[in-house]
């Protein structure tokens, strides 16, 4: 399906040159594995079969350190990736496309170094939230209606996923397209957490984003209702049924979400 999409758009030669960085967290909370690592590995295999260059970077589940390791992985890549996607384990049984991170760590659990943060502003010099800049609208609409029904739209919560997403979105700025997805919680059913199925969906989303050439990393997802109105105006000439569906689901991401940990 991915190959047909690329070939149909006549972008095989361009896609061959595209480089992608995927980050995934190491095992956390006594787990023997982190599902984000398994999905990332499968996505790498699937995208490389379609001639993309993919680097997987496993990052520590430790406040602030995770993003530094990801930045180091990015700096070592040549060529530099156009897109960077972070994966983390979510609290639901669906794949979740996150559109923003907030400038606040506030979880009752501890990271792998034993640190707990409550009402901790990540960077007092920055805004209260930052929207991601991948073309998530087009990516979402690359999925079938059935696939979209089992995908959530959300934010990165208030634990390590949020801390990492906020740092990296600031770090990459308007130069690299960045987003964060949550893979299903490992405690869900085998059918819902099927790594190959989830990886296939993530691969399809990334392929769609990479073939929306040229990219526009200055266009960020909205973080509140005022920005949503402005975002809708930008999309107005291009709106179709799926775009309107995505716009109606964006407010789901504005609600404060407490992390599982």
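The values are calculated or read from the model by the stated rules, or taken from the named source; none is laboratory data. Values in this document were obtained by computation on a predicted structure and should not be read as measured data. No Cβ is skipped: glycine too gets one built from the backbone with ideal geometry, and neighbour counts run over all protein chains shown.
Looking only at residues that are out of contact with any strand residue (DSSP E or B) (no Cβ under 7 Å at 6 or more places or on another chain) and at pLDDT 95 or above in segment 117-134, which one is farthest from residue 255 (Cα to Cα)? Please lay out each step first, then the result.
Going through segment 117-134, the residues out of contact with any strand residue (DSSP E or B) (no Cβ under 7 Å at 6 or more places or on another chain) turn out to be 118-119, 121, 123-127.
Restricting the remaining residues to those that are at pLDDT 95 or above gives 121, 123-127.
Numbers: 121: 18, 123: 21, 124: 22, 125: 23, 126: 20, 127: 17 Å.
Step by step, filter segment 117-134, then rank; the result is 125.
Return yes or no: is residue 226 surrounded by 14 or more Cβ atoms within 10 Å (Cβ to Cβ) and modelled with pLDDT of 95 or more? Even if it seems obvious, please write down each step before you answer.
Working: surrounded by 14 or more Cβ atoms within 10 Å (Cβ to Cβ): no; modelled with pLDDT of 95 or more: yes.
Spelling it out, it is not the case that residue 226 is surrounded by 14 or more Cβ atoms within 10 Å (Cβ to Cβ) and modelled with pLDDT of 95 or more.
Being at pLDDT below 90 and either over 13 Å from the mean Cα position of the chain (by Cα) or in a loop (DSSP other than H, G, I, E, B) (or both), is that true of even one residue in segment 167-183?
Initially, segment 167-183 is screened for residues at pLDDT below 90, giving none.
Checked segment 167-183: no residue is at pLDDT below 90 and either over 13 Å from the mean Cα position of the chain (by Cα) or in a loop (DSSP other than H, G, I, E, B) (or both).
Select from segment 205-218 the residues that are surrounded by fewer than 19 Cβ atoms within 10 Å (Cβ to Cβ) and touching a helix residue (DSSP H, G or I) at 6+ places or on another chain (Cβ under 7 Å) and write down the one among them that is farthest from residue 28 (Cα to Cα).
The qualifying residue farthest from residue 28 (Cα to Cα) is 213.
Is there a residue in segment 1-10 that is within 25 Å of residue 190 (Cβ to Cβ), surrounded by fewer than 19 Cβ atoms within 10 Å (Cβ to Cβ), modelled with pLDDT under 95 and touching a helix residue (DSSP H, G or I) at 6+ places or on another chain (Cβ under 9 Å)?
Going through segment 1-10, the residues within 25 Å of residue 190 (Cβ to Cβ) turn out to be 1-2.
Pick out the ones that are also surrounded by fewer than 19 Cβ atoms within 10 Å (Cβ to Cβ) and you get 1.
With modelled with pLDDT under 95 added as a condition, the list becomes 1.
Then keep just the ones that are touching a helix residue (DSSP H, G or I) at 6+ places or on another chain (Cβ under 9 Å); that gives 1.
Yes, that holds for at least one residue.
Give segment 72-82 a look and list any residue that's within 26 Å of residue 28 (Cα to Cα) and buried (at least 17 other Cβ atoms within 10 Å of the Cβ), or say none.
Scanning segment 72-82 gives 73, 74.
Looking at (1) without any contact (Cβ under 8 Å) to a residue 40 or more places away in the chain; (2) surrounded by fewer than 18 Cβ atoms within 10 Å (Cβ to Cβ); (3) touching a strand residue (DSSP E or B) at 6+ places or on another chain (Cβ under 6 Å), which is the only condition residue 44 fails?
Single failed check for residue 44: (2).
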